[in-house]
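Report on the following structure.
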Amino acid sequence: MGNLTKQQIIILSITVIVALYGIYDRIIVPRTKSVSLEKEKKSTELETFISDITAKITKGPITAADNRAINLAETKWKQDPFLDRKSLHAWIKFNEPDAGNISKSEPVFSYSGYIGMGRKKMAIINGIEYESGESLDSEGYILEKIYPEKVVIVNKNNLSRIEVSLQE
């Protein structure tokens with residue numbers, strides 16, 4: 001163990017101090033944790049707690065708000081918010097096979113949301129977010145302009161414009 005640098009001596013001394021404290025804390029000083037509650041007392045307290053909670057839950061009638069929350073929780077989702085665009089279209093075609101055929105002949109657009117942050121504007125059309133100038137999932141259609149109350153969609157084939165109002 002030749003010549004040690006000052007940094008090595010400091011690191012080595014800190015390591016020795018930590019090791020000595022660990023030995024002192026675990027072996028030399030006995031831990032005296034007094035457990036005031038016995039197992040029977042703990043189980044009795046647990047049983048009373050459970051019975052109190054059960055009594056509070058079952059007490060009283062279910063309110064209209066509770067019924068509404070229960071009904072909303074049980075209803076089927078229109079679309080899963082965690083699906084990406086491709087999966088969403090596959091899901092729609094799987095659950096509603098007629099919807100895929102209708103959209104090919106003449107698409108139906110549903111403008112359901114507007115997001116505006118400074119100069120950036122986004123519209124939610126048929127459950128998917130779009131920016132101005134972006135092509136829609138329905139082939140041949142582009143989102144031209146976004147307003148808080150409506151969007152303007154252009155058909156690339158015949159250059160016709162469709163205004164779709166915000167649905168609330």
Q) Do you know which of the residues in the stretch 129-138 that are at pLDDT 90 or above and of a type outside the set (Ser, Thr, Tyr) is surrounded by the most Cβ atoms within 10 Å (Cβ to Cβ)? A) Leu136
Q: Give the stretch 147-164 a look and list any residue that's assigned to a loop (DSSP other than H, G, I, E, B) and either loosely packed, with under 11 Cβ neighbours inside 10 Å or in contact (Cβ under 8 Å) with a residue 60 or more places away in the chain (or both), or say none.
A: Glu149, Asn157, Asn158, Leu159, Ser160
**Q.** Single residue of the stretch 130-146 satisfying the filter (of a type in the set (A, V, I, L, M, F, W, C) and either outside any loop (DSSP other than H, G, I, E, B) or over 27 Å from the mean Cα position of the chain (by Cα) (or both)) that is farthest from Met117 (Cα to Cα)
**A.** Ile142
(Q) Please pick out the residue among Leu37, Leu46 that is over 18 Å from Glu139 (Cβ atoms), among the hydrophobic types (A, V, I, L, M, F, W, C) and modelled with pLDDT under 80. (A) Leu37
**Q.** Filter result for Tyr141 (modelled with pLDDT of 90 or more, surrounded by 14 or more Cβ atoms within 10 Å (Cβ to Cβ) and under 20 Å from Lys78 (Cα atoms))
**A.** no
Q: Read through the list (1) over 30 Å from Ser135 (Cα atoms); (2) modelled with pLDDT under 80; (3) exposed (fewer than 10 other Cβ atoms within 10 Å of the Cβ), then give the number of the only condition that Thr54 fails.
A: (3)
Q. Are any of the residues in the stretch 10-28 modelled with pLDDT under 80, within 22 Å of the chain's Cα centre (by Cα), exposed (fewer than 10 other Cβ atoms within 10 Å of the Cβ) and more than 30 Å from Ser138 (Cα to Cα)?
A. no
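The values are calculated or read from the model by the stated rules, or taken from the named source; none is laboratory data. Nothing here was measured: the structure is a model prediction, and the numbers come from that model. Glycine gets a Cβ as well: all are built from the backbone with ideal geometry, and neighbour counts include every protein chain shown.
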